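Visitor: Please find one structure pasted underneath; my questions will follow.
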């Protein structure tokens with residue numbers, strides 16, 4: 001297939017998906033809100049505009065997951081060493097997250113000074129803290145790798 005035609009088709013697909021997403025968002029913005037009556041809220045909840053928006057979002061998520069899996073399989077076939085290293089990195093990140101999650105946190109709704117109407121479950125606080133610790137750990141590792149990478153090349157020689 002010609003690359004110019006492929007770029008044209010991909011541009012048309014992008015514009016179409018964005019247009020549908022904007023229309024779905026307008027359906028949501030124009031729908032019932034918390035100031036509406038209960039009947040209006042229930043009618044909106046069971047109506048076609050919310051169903052369309054949820055269906056389109058589900059379509060985008062499933063399409064994205066499918067494309068990610070196809071990408072991984074194509075990369076695994078064409079460049080297995082780098083792909084396996086990427087998968088190992090994802091698995092290490094998952095293991096680190098689970099370790100941070102099991103360690104837990106001493107934070108509570110009271111120590112975080114959350115308002116009475118904004119109380120959350122302890123599991124939410126634990127998983128959020130584990131995610132923050134993971135991100136901070138990976139940022140430190142990336143910074144250390146960026147700093148020491150030039151020196152590692154000299155040591156290998």
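All of the numbers you see were taken from the coordinates with simple rules; none came from a lab. This is a predicted model, so every value here is computed, not measured.
Visitor: Could you work out Rg/(2.2 N^0.38 Å) for the stretch 79-157, with Rg from alpha carbons only? Kindly include the intermediate steps, with their values, before the conclusion.
Guide: Working: Rg = 18.0 Å, N = 79, 2.2 N^0.38 = 11.6 Å.
It is 1.56.
Visitor: What's the whole-number percent of alpha carbon pairs in the stretch 1-78 lying beyond 19 angstrom? Show your work: numbers first, answer last.
Guide: Values: 1720 of 3003 pairs.
The calculated P(r) of the stretch 1-78 puts 57 percent of pairs beyond 19 Å.
Visitor: Let me have the 222 nm mean residue ellipticity of the chain computed from DSSP H runs of 4+ only, each contributing -39500 (n - 2.57), with the sum over all residues rounded to the nearest 500. Display every interim value, and only then the final one.
Guide: Values: 5 runs with 125 residues, N = 157.
Only helices count here, giving -28000 deg cm²/dmol.
Visitor: In whole Å and largest first, what semi-axes does the C-alpha gyration tensor of the chain yield when each eigenvalue is scaled by 5 and square-rooted? All intermediate terms of the calculation are to be shown ahead of the outcome.
Guide: Values: eigenvalues 302, 210, 37 Å².
Listed largest to smallest, the semi-axes of the chain are 39, 32, 14 Å.
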